[in-house]
1. Answer with one residue from 130, 114, 212: the one whose Cα lies farthest towards the positive end of the charge dipole of the chain, charges on Cβ with Lys, Arg +1 and Asp, Glu -1.
2. Translational diffusion coefficient, Stokes-Einstein: compute it for segment 187-272 using the Kirkwood radius over C-alpha pairs as Rh, at 10 °C and 1.306 mPa s, and state it as an integer in µm² s⁻¹.
3. Just grab the label-to-label distance for residue 131 and residue 195, each label 7 Å out from Cα along the Cβ direction, in nm (one decimal).
4. Suppose R0 equals 30 Å; then what is the FRET efficiency for residue 84 and residue 285 from their Cβ-Cβ distance, rounded to the nearest 0.05?
5. Taking a point 7 angstrom from the Cα of residue 50 along the C-beta vector, which residues in segment 146-161 have backbone N less than 14 Å away?
6. Please report, to two decimal places, log10 I(q)/I(0) for segment 80-212 at q = 0.12, 0.20 Å⁻¹ as given by the Debye formula with identical point scatterers on the Cα atoms and no solvent.
7. By a straight-distance test (C-alpha under 13 Å), which aspartates and glutamates pair with residue 268 as possible cross-link partners, with residues fewer than eight away in the same chain excluded?
8. Taking segment 86-152 on its own, what percent of its Cα-Cα pair distances exceed 20 Å?
Amino acid sequence: MLRFIFVITSMVFSFILHAQNLEKSLLWKISGNGLKQPSYIFGTMHAVCEINFDKNIKKALDETTQMYLEIDMDDPNLQGIMMKGITMKDGVTLSSLMTEEEAEIVDKYLKENINLSIKMVDNIKPFMISAMFLPKLLDCPMQTIETELVKISKEQNEEIFGLESITDQLDVFDKIPYQAQLDELIKSAKDNLVKDKAETKKMLAIYKEQDIEAMLAIMKDSENKISSEFEEILINDRNANWIPIMERVSKEKPTFYGVGAGHLAGEKGVIKLLRKKGYTVEVFRN
């Protein structure tokens with residue numbers, strides 16, 4: 001009887017530990033499970049106002065010999081491949097998915113903000129068009145953390161690789177219905193980015209606090225249905241695909257990984273997936 005109680009208690013305790021929120025940190029050390037040297041994973045945000053890498057991030061960059069981002073941003077063929085993958089399949093166009101009234105609203109929105117007409121982007125995946133407005137969501141000149149990481153990696157004469165190809169990344173937006181993507185573009189056009197700007201401001205504040213659990217929660221609760229209703233495709237499936245790559249790569253060389261901070265937290269986030277594989281993943285503070 002005592003053994004039975006002990007087993008049940010252990011299971012409950014294990015469940016509580018497993019369900020606990022992660023600490024507030026963007027930088028995590030990966031060790032154990034046969035790794036000769038630790039690797040590090042850093043949560044990025046694709047559009048920020050300022051970039052200030054602290055001593056811990058700099059140390060992690062110094063202690064690793066290669067870098068893996070979501071995609072290989074150093075690939076000279078990147079732009080050409082991207083241009084081939086941003087169009088919708090099967091001849092679908094924006095115009096075919098919208099009413100005339102909606103088309104007029106979107107056309108005006110595009111012309112006033114990015115100097116493009118709907119005819120010029122009629123076959124482009126709606127999410128890709130929404131991404132063109134990213135600089136408009138900030139009250140400052142946009143900077144990208146990935147660009148700064150690439151710069152440092154080059155200065156250290158290190159190779160840069162991708163956890164997935166740009167084709168893999170663009171294919172995600174063929175799995176998410178074009179209509180759902182377009183609905184979000186129309187919503188942004190109707191209120192001229194008011195809600196998008198407010199959500200981005202909130203996300204930036206949470207990112208500054210390094211609260212990765214809160215970042216994931218915002219995405220889950222977002223009025224943007226791409227984030228809230230397609231988490232499995234946008235985040236979880238990709239996380240699962242990255243783990244075997246990270247395992248193989250980390251055993252070969254100490255590696256610095258930079259991925260969107262939203263990929264770190266949660267039960268299906270990269271940190272807990274690696275822990276389930278037997279690795280020690282802990283906050284890195286030097």
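Here, each number is a calculation from the coordinates, and none is a lab measurement. Predicted, not measured: the structure shown is a model, and the values here were computed from it. Glycine also receives a Cβ, built like all others from the backbone with ideal geometry; neighbour counts cover every protein chain displayed.
1. Comparing the listed Cα positions along the dipole, 212 ranks first.
2. 111 µm²/s
3. Result: 2.3 nm between the two label points.
4. 0.10
5. No residue passes the distance filter.
6. -0.59, -1.27
7. Cross-link targets: 213, 231, 232, 237.
8. That fraction is 40 percent.
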